[in-house]
Every structure is written in structure tokens, then in C-alpha cells.
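Report on the structure given below.
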Amino acid sequence: MTKHRTGISRRGALQAGVGLATGAFALPGLARAQATSIKIGILQPLTGALAFDGQAGQLGAEFAIKAVNAAGGVKALGGVNLEAVKGDALSTPEGGVSEVERMQAEGVCAIVGGFASPICLAASQAASRYDLPYIVDVGVNDQIVNRGLKNTFRFGPGSSIVSAQALDNLVKLNDAAGKPIKTIALVHEDGLFGSGLAKLLETELPKRGFEVIESIAHPTPSRDMSNVALQIKAKNPDLVIPSSYYGEFVLLARTMQQQRIKPKGIFAILNGAASNYRFVKEFPEAAENVIDTNHWYDPRNETAIALKKEVDGMGKFFTYNVALNYSAVLLLVDAIERAGSVDRAKITAALETSTFSKHIMPYGPTKFVNGQNTGAAPVNTQVQGGDIKVVFPDAFANAKPIFPVPA
Amino acid sequence: MFAPEIVIAAVINGLLTGAVYALVSVALTLVYGVLHIINFAHGAILTAAMFAAFFAEQAGVDPLIAVFGLAPLFFVLGYGAQRYIIGPASHGEDSNTLLVTLGLSILIENALLAAFGSDTRTIDVPYGFSTVDLGFVFLPAPRVIAFAVTCVTATLLWALLKKTDTGKAIRAVAKEKLGAALVGIDVAHVYAVTFGLGAACLAIAACVLLPSYYVQPRVGDAYVFVAFTVVVLGGMGSAPGAMIGGLFIGVVESLSGLYFGESLGQLGIFVIFILALLVRPTGLFGARA
């Protein structure tokens, strides 16, 4: 008797479960059919260590949504407005995943953002379980697009594209200046991003005729860069290549200035501060002439110039996060327009064949290969006279490089 | 191997960093020595003081001048916190006090986070980039000032504990609470004064730290972990122990950073922490159990 009863109740529970599950799956579909707006997930680390970048990213996405709605919404769907479902990834991968689950429950048709590589890795994977299109805004780790996830697209360049371009441009820069650079010191943070890059540079730089005389790792956060500066001073390299996050590079640049360490150049790759208006504004002397290889907006694009003015007017910094998220949301809207639907598979298919060109980045034609936009490229920026100028490539440059830096 | 001038420069840098550790540790050990509680809110108070110094600077007051206002202010705040929150809430139980200070730290950190966000903020003072030239090394002026201020503060604190009636009362309470109460010392008042002194020391540390460091809502944690090590090394409750321990730990961190790489700079500190607990649990200057 007892056995029999348990059997029934278990089956009952199962039926109830199935009912619930179908209900849960059916509901978003129903909501979508009658939707008066198109929901898109805007995922950023709004609090925690990466909050500065995350908030800038969210700002860029908001501007794009505002622009689309002001221009009459999504026309292919009868002028429906976009609605942002904002999420805070708490600067952790787990935080990102739980926000993806919530966005899924709220019925978004795609997600844009993530910022840091670990968040993008985890969040795009979580989204892939629902075939939810995910557009990575910044995360440069190559693994993000190498996992074969069909839902994941990266509009910006990955670290292999960035470092290849950085090396090419360094050679060009050095050749044009009469080859003043022979010895190089690497300073890098000891995480996934800095160490990976340092390893690559240690093998690639010697092939291009440079000698790496020192490679100094430091943790994030660091309280003091005195020892790093001392080691640079002792080796006296021609060039310093720093790959660190914001706080540490600012500390290093300040310490180098204090210790009167003046190499012929500071050539950063994907640096957290070297092409950041905040650094330039707060420490103009330490920042002057620093070159970075990084994401950047197209300084000749009129929309970008207007957007920068508006962001400046709000008293905020026009970081690359703003430009990348602005562009990524427009990329998504373009895909929705061409798909003529908020169906996830159709949006994914539209992204795969995207040739989107109305972005504000200095990129070639958009073309996704295995989720990576092959048109994406970084630029070289240099801090000149308290402003950040693009010095490479020539097609987008608005200033000539100052190299080597006058002593 | 490194050239001798680099090693010497690293040692001097270590001493300069160690001075700030010492100041933070003296405050921690003072509170422990008298109240017999481990103050988990220590880092949060340091962070709050750094924010106060930051906004003072934004209002046009240099941190080195603001210290004369902030140290008394934090004394009052610390006094109030102990007298009206930590003391009553702990009901005389040490374990409760631990939890109350932990709760207080969570409260302060999150209030700061809610109010100011998690951005790192820095200030730029006129002497921010000045250096003292020793011939073979340039010492950053803000850190030399921090070192000097620490020495002065430590001396004042020592004089206060040794020479004044308040100091005697604090020492009496630390040694024998019941006896002190019996001879007419207001124990609750002395507790609060001690906590206030600790907070004032942190305010001073904050003002000398800010010109060469940054502030964000979790910045205090980094210093407090080190301070706990210093306190254990120097001997729980021993002010001279905390001073010497702080300087020593600063040098250890600097040298292990130089020799094992910056990533492992903190390794030296915690190896010493474990060694101290194993070999000499009472610390360098601690009373023998």
C-alpha cells in the first residue's frame, strides 16, 4: 500500500513539474507575441572592482537605445521601441550568470555586454543554453569565440588580433623613427590577461629584432610600484610595455615620474589606463606621450564626435566602453531589423551574415567568422598635450606619433 | 642578483611602507590590549577616514592640514561608536564584540559603496611628485612625510600612555578591569577613549596615505590583513611591538617582492605570520602567557 501511494505521488509531482516547465516556457513566448517593446539585456559589472568600466558600458548601450527609439524604433516590427533589461554582473562570472538567468526569465531577445573576459566567458555560455544571442562588448580573451558557441558574437577585436597589430605598429613606429628601440622591459599584471600577453611578447618581440631584457609581473591590486620602478631603472630599457589594469598602471606611471625614469617610449597593449581620459585628466604629466594599443572610437566619425560631446557634457568620461556598447547595440538592432523578428534563431542567423557599417568604431567591413568580427581592429593612441589622439593606423589617425619621446 | 643600491633602495622603500603599517597596527593593538577585542571594523574605519580626507582635499584642504580636524573628529566618532554601539551591543561578551565590529565594518563599507560607488579615487597634491634625493635613490616626498608623521604620532601616543592620567587609566583597565573599576576608574569611558584613540590613529594614517595612494570602499582591507600579522608578530597589545613589527614587515614585503617577484611580495608576510604563531606565539614583545 505504502509503496503504491509513493508511486502515485511521485508521478503526480512529475506531472506537476512538466506542467510548470511548459508554463514557464510558454509564458515568455506569449508575452513576446503581444509585446509593445523589444527587450534586450544590457549586462555590465555595475558594482565591484570593474564598476568604472561597467557603468561606462551601460551608458553607451543606453545612448544607442535612446537613439534607436528616437529614430522611430525597430521599423521591421512596426516601429516597436527597445527596452533595456539592465543587469549587474557584480564584477564576477557567477554574478553574470545569475543575471543571464534573470534576463532569460524576463524574456529578452538578446544580451549585449559583459566587459571582462571571465564574465563574458561565463555569461555567454549560460545564454547559449537558451540559444540566446550574446554580443560580447569588450572581453578580449580568445577562448570566448573559440568554444564553438553559435550564440556568441564579438564585435571588437580579440587579444590575438590586438597583439598582432600592436607588434606590427611597433615595428612601423620604430622604423619610421630610425630604429631607436633595441631593448624592452615588460611590466604585466599576473592574471590571465597580463601573463598571457607577456608570454606572447617574450616569443614574438625577439623575432622582430627587439631584446626583452626584463619581464616584471605584479599582482592586482598592488599597493606599491617602487620595486618595479627600481628594476626598470636598473635595466634602463629603451621601451617599457605595460599591460596592467587602471590603478596599477597609474601607480607605475606616477612612480616612474617620481624616480625620473624616462624611457624612449611607453608602448602599452590593452592597458587599463593608458588611453583613459580620467588618467589624462588626473595626472597629465605622468600620462603625456604614453602610447596604447586598444579599442577606440573612430575620431573622424560624426556620430562619435557628437556622442563624445554629449558624454563630456554629462561630466562623464568617453571611454572605449561607451563607443563599443553603443556600436554593439546598433549591431543587434540591425540584425533584428533584417531578421524581421525577435526569434532567437533568426537573430543569430542575421548576426552571422551581418555587414553592419553604421557603428562608430575604426573597423573594416563587419564579417563574423566563428563569432569573431574579422573587420575589428585596435588603434594606437597617444596622449598628446593632455588629449588622446589616434596615431595609427593612418586611415583613422588624427595626429602624428611623437616617437621617441624627447628627453 | 641585484646591485646593492637597488637592495638598499628597496629596504628604504620597505621602511617607508612599513611606517604606515606600523601606524595602522598600533591602533589595532591598542584596542586589543585594552578592550581585548579584535576590531574587525578597523579596515572600514580606515577607509572611512580616507574618504573623509579625500573630500577634505576636494574642498581645498590639504590632507596634512585636514589631519588636525579629522583626527579629533574620528576620536569623537570612535568614542561614540564604542560607548553607544559596540559596548552596549556586546553585553560584556567578547565574542559579541567581535560580531558587532564585524557588522559595523560591513555597514560602513556598504554605506560608502552606496554613497560613492566602487571607483578608485586619487588626489593630486602639489608635493605629490616631489622627491627627496639621497644620491642613489629618489624617495617620494609623500611617503617620507608619512614616515615622519608616524614617528611623531607614535611618540605622542607613547607619552600619552606613560605620562598622563588617562594613559595610566588605560593601562590599568588593560591589566585589571575589575581592579580599575574598584579604584574609581570609569571603565566604559576608558574603553571608549581607547577606541577613539585607535580611530584617531587611523585618521592620521589615512591623511598620510592618501597623497600617494588611492581610495575606494574596500581599500582598508589590504592594510588590515597586514596589520593583524604585525600585531601577532609584535605581540598582542604591545605598542612598541607593533611599531617595530610594522617596519619589519614593510621591509620583508619589499625584499620578498624584489627577490620572488611582486606577485609573491605578500608571501613573505604570511610566512612570517605562520612562523611567529609556531615559534613565538606571544610575539616579539608580548607578555609571556
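Rule-based calculations on the coordinates, nothing more; no lab input. Fair warning: this is a prediction, and the values are worked out from it, not measured in the lab. Please note: Cβ atoms are built from the backbone with ideal geometry, for glycine as well, and neighbour counts cover all protein chains shown.
Tabulated data for the structure shown
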item	result
Stokes-Einstein D (µm²/s) once Rh is taken as the Kirkwood radius of the range B:72-127 over alpha-carbon pairs, at 37 °C in 0.692 mPa s	245 µm²/s
Ranked list, fewest to most other Cβ atoms within 10 Å of each Cβ, for A:Asp292, A:Asp224, A:Asp238	A:Asp238, A:Asp224, A:Asp292
Exposed GluC sites (Glu not before Pro) absent: longest stretch of chain B, with sites in DSSP loops and at most 13 other Cβ within 10 Å deemed exposed	B:177-289
Computed [θ] at 222 nm, helices only, for chain A once each DSSP H run of length n ≥ 4 contributes -39500 (n - 2.57)	-15000 deg cm²/dmol
Top of A:Ile135, A:Ile111, A:Ile241 by mean-square fluctuation, Gaussian network on chain A, Cα under 10 Å	A:Ile241
Compactness relative to 2.2 N^0.38 Å, alpha carbon Rg of chain A	1.09
Rounded FRET efficiency, nearest 0.05, which uses the C-beta distance separating A:Glu285 from B:Thr164 and R0 of 45 Å	0.45
Residue-averaged beta-carbon neighbours from other chains (10 angstrom radius) around A:181-192	1
Debye, to nearest 20: dipole size of the protein assembly as shown, +1 on Lys, Arg Cβ, -1 on Asp, Glu Cβ	1040 debye
Shielding by partners, peptide A:223-236 (average Cβ within 10 angstrom, other chains)	6
Computed lengthening from A:Lys199 to A:Gln143, 0.36 nm per intervening residue step minus Cα-Cα distance	18.5 nm
Shape of the range A:169-304, Cα gyration tensor, a/c cut at 1.5	rounded
Per-residue Cβ neighbour rank within 10 angstrom, fewest leading, B:Thr29, B:Thr122, B:Thr150	B:Thr122, B:Thr150, B:Thr29
Interchain or long-range residues, amide H under 5 Å from A:Val212's placed H	A:Ile184
Per principal axis, descending, Cα span of chain B in whole Å	60, 48, 34
Rough spin-label spacing in nm, given labels placed 7 Å along Cα→Cβ, for A:Glu211 and B:Glu5	2.1 nm
Given charges at beta-carbon only (K, R positive; D, E negative), |dipole| of the range A:225-265 in Debye	200 debye
Order of A:Arg154, B:Arg171 - criterion: other Cβ atoms within 10 Å of each residue's Cβ, fewest first	B:Arg171, A:Arg154
Computed E for B:Leu278/A:Asp343 - FRET, C-beta separation, R0 51 angstrom, nearest 0.05	0.20
Kyte-Doolittle mean at least -1.0 and Cα axial length at least 15 Å: DSSP H helices in chain A	A:2-33, A:51-70, A:93-105, A:117-128, A:159-176, A:192-207, A:246-258, A:302-313, A:320-339
Of B:Leu30, B:Leu15, B:Leu99, the one that fluctuates the most in a GNM where chain B has Cα springs shorter than 10 Å	B:Leu99
Stokes-Einstein translational diffusion, the range B:166-284 - Kirkwood Rh over all Cα pairs, 0.890 mPa s, 25 °C, in µm²/s	150 µm²/s
Theoretical gain in end-to-end length, B:Tyr84 to B:Asn96 [0.36 nm per residue, Cα-Cα removed]	2.9 nm
GNM top mover of A:Asp312, A:Asp387, A:Asp131 - chain A, alpha-carbon springs below 10 Å	A:Asp312
Chain B: DSSP helices with Cα axial extent of at least 18 Å and average Kyte-Doolittle hydropathy no lower than 0.5	B:4-35, B:42-58, B:63-80, B:94-116, B:141-163, B:187-209, B:219-234, B:239-260, B:265-279
Separation of the B:Leu107 and B:Ala181 label points, Cα + 7 Å toward Cβ, nm	2.4 nm
Average partner coverage of B:258-266, which counts Cβ from other chains inside 10 Å	5
Gyration tensor (alpha-carbon) shape descriptor, the protein assembly as shown, a/c threshold 1.5	oblate
Rounded, prolate or oblate (a/c below 1.5 giving rounded, otherwise prolate when a/b exceeds b/c) for the range A:92-200 by Cα gyration tensor	prolate
Debye-sum result for the range A:83-153 in log10 I(q)/I(0), which assumes one identical scatterer on each alpha carbon, at q = 0.16, 0.18, 0.25, 0.28 Å⁻¹	-0.44, -0.56, -1.11, -1.40
Leading residue at positive end of dipole, the range B:4-279 (Cβ point charges), from B:Ile244, B:Val183, B:Ala49	B:Val183
About the Cα centre, charge dipole magnitude for the range B:4-279 (Lys/Arg +1, Asp/Glu -1 at Cβ), debye	660 debye
